[in-house]
Every structure is written in C-alpha cells, then in structure tokens.
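A short reminder: the numbers here are calculations on the coordinates, not readings from a lab. The structure displayed is predicted, hence computed values, not measured ones. Note: ideal-geometry Cβ built from the backbone for every residue, glycine included; neighbour counts use all protein chains shown.
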Amino acid sequence: MASVFAGAPPNGAPGYSFAQTPTAAPAGIREHSFYPYTDNGGSTLGISGADFSILAGDTRSTSGYSINTRYAPKLFKIGGEGPESKGARIVLSVVGFAADGEALKERLDTIVKMYKYQHGKPMSVAACAQRLSHILYGKRFFPYYVTAILGGLDEEGKGALYSYDPVGSYEREQCRAAGAAASLIMPFLDNQVNFKNQYIPGSGEGHALQQRVPEPLPRKDVEELVKDAFTSAVERHIEVGDGLQMMIITKDGIEEIYEELKKD
Amino acid sequence: MGSPFSINGGACVAMVGKDCVAIACDLRLGMQALTVSNNFPKIFPYGDVYLGLTGLATDVSTVSDLFRYKVNMYRLREERPISPQTMANLVSSTLYERRFGPYFVSPVVAGINHTTGKPFICGFDSIGCIDFAKDFIVSGTASDQLFGTCEGLWEPDLAPEDLFETVSQALLNAVDRDALSGWGAHVYIIEKDKVTKRLLKGRQD
C-alpha cells in the first residue's frame with residue numbers, strides 16, 4: 001500500500017525501509033527507492049466564533065486499508081508548560097503525514113516557548129501564524145506533508161483561525177476543513193457557517209434577493225455543527241472514525257472534549 | 001488526459017422524502033477547465049420515471065437517446081408506463097451488455113411506483129451494478145461534496161417543499177466546491193400525481 005515499507009524484507013533479512021533490500025547474489029543493475037511520505041488519513045476542522053475558536057480532529061490513524069491505532073491525536077497545544085502544556089493559548093491541528101505533523105508541532109512549540117522566555121510575554125496568534133508559514137516554507141523543497149490549521153484568540157479577544165497548505169501559503173478564515181474528508185465537510189460548512197446559497201425570503205424581486213449575512217455562531221451551535229460534520233464524514237469515508245477530539249480556546253484557556261465515533 | 005468521467009464535469013443527486021422523491025442536476029458542460037455550455041441538463045424524463053446521467057457528455061446524449069427508444073418500445077409492447085424498478089433493471093442490463101467497453105456514465109433513477117405508490121431511487125456504476133438506497137444517491141464530479149452535504153442535511157420523511165430546499169441546498173453548496181460542476185441547476189420534485197420542475201440560478205462562475 002502507501003506504506004513506507006513497500007518491499008517486504010526477504011526471509012529474515014533486516015527490515016530496511018527501502019523498496020528492495022540486498023539479496024544474496026547481486027546481479028546486474030538494480031534500482032533502489034525510498035518514499036519518505038505516508039498518508040495517515042483522518043480529517044480536521046476548525047471554526048472561529050466571536051470569543052472562541054474550536055478545532056477538531058478524528059483520532060484514527062491509517063496506512064492504506066489498515067488502522068494503525070484508534071487514538072492518535074491530531075490536535076496539539078502550543079507554547080504551554082510541561083507535559084500537560086499548561087497555560088497554552090494556541091492550538092495546532094495537523095493532518096496528512098503524522099510523523100511530519102509531530103515534527104512540525106515540536107518545532108512550533110519550541111519556538112513559541114523560546115519567544116516567551118526571550119520577550120517575557122506570550123506570542124500572539126498572528127505572529128505564531130506567520131512564523132508557522134515560514135517554518136513550512138523553509139522546507140519548500142522537501143515539505144512537511146501536512147495541512148495545518150492554527151487556532152486561538154486574536155489581540156482583541158476574538159476567535160482567530162488560520163489555515164495552511166503544505167508549503168506555507170496561509171489565510172485567516174471563519175472555518176476550514178482539512179484532510180481526507182475535507183471535500184465532504186467543507187461544502188457543508190460553507191452552507192451552515194457562512195450561510196452560502198442562503199437568501200432572505202421576500203427581500204427582493206426575482207433573482208435580486210439579499211444574501212443571508214454570516215454572523216459569528218454561539219459556541220453550543222458550533223459544537224453541534226462539528227459533531228454533525230464528523231458523524232457525516234464517518235458514514236462515507238473509511239479513513240475517518242474511532243474518536244473525535246475537540247479543543248475550544250477561550251479567554252479562560254483550552255477546554256478539551258473527547259467523544260467516541262463509529263469504529264467500523 | 002484525465003478519466004473520461006471527469007472531462008466534461010457535472011453532478012446529479014436524488015433524494016427520498018415522505019411520499020415524494022427529488023432529483024436534481026447542474027447545467028455545466030465543459031472541456032476540462034473550459035466551460036463550453038451553461039445549459040446542458042443531465043436529467044431526462046421518461047414518462048413518470050426520471051433518469052439522471054453524469055459522466056462523458058457524448059455518452060450522456062447517446063445513453064439518454066437509447067433509453068428514450070427502449071422505454072418507448074416497452075410502453076408500446078406492454079401498453080403501460082414503465083415503473084422505476086423496471087427502469088432500474090433495464091438500465092442495469094443495458095449497461096452490462098457493454099461490460100468490456102462501457103458507457104462512461106453514472107446513472108441515477110428516480111420515480112414513484114404507480115402500483116405501490118412508494119418512492120424509489122437508485123444509482124449505478126458504469127457497468128450496471130445497482131445501488132438501492134433508502135435515503136439519497138449522488139453521482140458526478142462533485143460526488144464527494146454531495147456525499148458530505150447530503151449526509152449533513154438529509155433527514156427522513158421530508159415533505160415536498162422541505163425536500164426541495166434540502167436537495168437544492170445540497171446540490172448548490174456541493175457544486176460550488178467543485179470546479180467542474182455548477183452554472184445553475186434543474187430540480188424535479190416528484191409527487192404521486194404532480195411533478196414540479198424548478199430552474200435554480202446558482203453561482204455563475
């Protein structure tokens with residue numbers, strides 16, 4: 001499958017992560033290969049509100065048709081103290097190649113911590129967002145194979161959400177879905193969060209109707225939308241399932257919610 | 001060149017409601033990224049049975065004409081209109097006849113059975129394998145997006161007007177996230193003794 005270990009090592013030979021391991025009698029020209037990326041599936045999503053941001057991701061990790069584990073978090077607290085990440089105010093979600101996601105989280109976490117030690121104040125989300133873009137672009141020719149979403153509160157206390165491509169192109173948005181089921185979730189979010197294709201009845205003649213204006217949704221509604229989006233994705237995408245991890249960033253800190261998803 | 005299924009683009013969706021069914025399609029016809037026409041419907045009525053066809057446009061035209069012929073011949077021989085279930089089996093066997101050189105289409109059938117009065121929808125792959133669904137069927141280049149919107153918006157026993165809103169929102173929002181589909185839509189709401197056809201404008205890009 002899409003595994004790194006594509007070539008099975010012949011009879012008890014060492015398990016190199018190369019397509020062809022050395023055989024007993026080298027004959028003629030042989031081509032070796034190594035593919036450094038694996039797609040670990042899964043999906044993430046983020047929505048920002050008036051005074052909060054929500055990031056969510058399923059906890060299934062796959063390679064090909066196999067499930068590696070049913071609990072591999074894709075959400076990470078950034079810039080907190082200790083193993084519990086105490087006092088963190090920024091959350092990073094990564095989906096794609098899990099090993100790169102982990103490495104990226106580790107780098108960003110260190111940078112945000114160093115910033116606090118050197119400047120004596122926590123890093124703003126806007127600054128963190130731009131720094132993340134630079135980290136990703138720094139590996140422009142051997143990218144971190146991940147789609148990242150960064151969430152927190154901006155300097156006015158409003159929910160802030162930034163989404164990225166694997167090489168650092170980024171944008172602040174109201175909502176974004178990423179990963180395997182992004183194509184399923186994103187149009188649903190367009191409709192339910194940004195009220196796309198919704199018009200106010202009787203607000204004009206014929207096609208000159210007025211668009212329903214998007215407004216920040218209350219937290220309870222957003223949580224329900226996130227759950228609906230994921231239960232829908234689980235129904236139709238095999239790489240999504242097992243568990244749903246949500247992190248809600250408010251002025252009081254980061255609240256973490258976990259709930260079960262279907263395991264089939 | 002890509003898959004024959006995604007050269008021209010297009011999307012189609014069918015849904016079941018309470019004593020009614022809906023079928024809807026977009027209107028785009030393209031040649032890869034270039035839009036050639038914004039008035040290319042993909043739903044074809046055969047009496048009270050409706051057939052949606054997405055995929056390679058030349059096959060959409062060929063297959064729709066072929067079924068017009070076949071359904072007409074059926075009605076003349078049997079002296080009764082074709083039921084959606086019979087239509088489904090006709091589509092399936094016709095596609096399987098071309099097992100090793102298929103028509104590049106993903107058909108959708110929708111209608112209400114006249115004897116039982118029950119709503120019926122189903123979908124097919126290009127060689128005739130039938131997908132009997134109790135809720136909704138999607139097809140075309142926006143099928144991933146349609147799966148997402150339908151799974152999120154659909155609920156059981158929708159009344160005709162609510163079903164219209166649901167199917168329209170599901171289609172419109174799905175095609176807006178697909179570069180190969182869109183440019184307006186046709187929506188049919190089929191009830192026991194009434195069919196309503198509506199033309200939706202949608203985004204013109």
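Values for this structure:
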read-out: Burial ordering of B:H114, A:H207, fewest other beta-carbon atoms within 10 Å first; value: A:H207, B:H114
read-out: Unsatisfied cross-links (Cα-Cα over 31 Å) in the set A:K121/A:K196; A:K74/A:K220; A:K158/A:K263; A:K263/B:K134; A:K196/A:K227; value: A:K121/A:K196; A:K158/A:K263
read-out: Nearby aspartates and glutamates by direct alpha-carbon distance to A:K77 (threshold 15 angstrom, same-chain neighbours under 8 apart not counted); value: A:E102, A:E106, A:D109, A:D252, A:E255, A:E256
read-out: All-pairs Cα distance distribution in the protein assembly as shown, expressed in whole percent, bin size 20 Å; value: 22, 47, 27, 5, 0
read-out: Radius of gyration, Dmax [the stretch A:136-227; alpha carbons; angstrom]; value: 16.7, 54
read-out: Prolate/oblate/rounded label for the stretch A:181-264 (Cα gyration tensor, a/c 1.5); value: oblate
read-out: Exposure proxy ranking, count of Cβ atoms within 10 Å, fewest first, for A:E215, B:E97; value: A:E215, B:E97
read-out: Rg ratio (alpha-carbon, reference 2.2 N^0.38 Å) - chain A; value: 1.16
read-out: Top positive-direction residue, dipole computed over chain A with Cβ charges, set A:G206, A:Q245, A:G151; value: A:G151
read-out: Cα centroid separation - the stretch A:23-99 against the stretch A:192-206, whole Å; value: 38 Å
read-out: Burial ordering of B:S61, B:S93, A:S53, A:S85, fewest other beta-carbon atoms within 10 Å first; value: B:S93, B:S61, A:S85, A:S53
read-out: Across the protein assembly as shown: Cys residues that no other cysteine approaches within a C-beta distance under 4.7 Å; value: A:C128, A:C175, B:C20, B:C122, B:C129, B:C150
read-out: Average beta carbon contacts from partner chains per residue of A:171-183, 10 Å cutoff; value: 1
read-out: Rg ratio (alpha-carbon, reference 2.2 N^0.38 Å) - chain B; value: 0.95
read-out: Under the Karplus curve 6.51 cos²θ - 1.76 cosθ + 1.60, θ = phi - 60°, whole-Hz ³J(HN,Hα) for the stretch A:93-99, x wherever Gly or Pro sits; value: 10, 10, 9, x, 8, 4, 5
read-out: Cβ-placed point charges (K, R +1; D, E -1), dipole of the protein assembly as shown about Cα centre in debye, nearest 20; value: 800 debye
read-out: Under Karplus coefficients 6.51, -1.76 and 1.60, residue-wise ³J(HN,Hα) of the stretch A:100-113 in Hz, glycine/proline x; value: 5, x, 5, 5, 5, 4, 4, 5, 5, 4, 4, 4, 5, 5
read-out: Average beta carbon contacts from partner chains per residue of A:189-199, 10 Å cutoff; value: 4
read-out: Degrees, to the nearest 10: A:182-192 long Cα axis against longest axis of chain A; value: 0 degrees
read-out: Diffusion constant of the stretch B:109-179 at 20 °C, which comes from Stokes-Einstein with the Kirkwood Cα-pair radius and 1.002 mPa s, µm²/s; value: 162 µm²/s
read-out: Segments A:164-172, A:191-199, B:172-180 sorted - mean Cβ within 10 Å per residue, highest first; value: B:172-180, A:191-199, A:164-172
read-out: Cα-centred dipole magnitude for the stretch B:4-193, charges only on beta-carbon of K, R (+1) and D, E (-1), debye, nearest 20; value: 720 debye
read-out: Compactness relative to 2.2 N^0.38 Å, alpha carbon Rg of the stretch A:42-178; value: 1.01
read-out: Peptide B:177-187 - average C-beta neighbours from other chains (10 Å radius); value: 1
read-out: The stretch B:1-118, Cα convex hull volume normalised per residue, Å³; value: 102 Å³
read-out: The stretch B:67-136: trypsin sites (Lys or Arg not before Pro) in DSSP coil with no more than 11 other Cβ atoms inside 10 Å; value: B:R99, B:K134
read-out: Magnitude of the charge dipole, the stretch A:132-264, Cβ model with Lys/Arg +1 and Asp/Glu -1, debye to 20; value: 380 debye
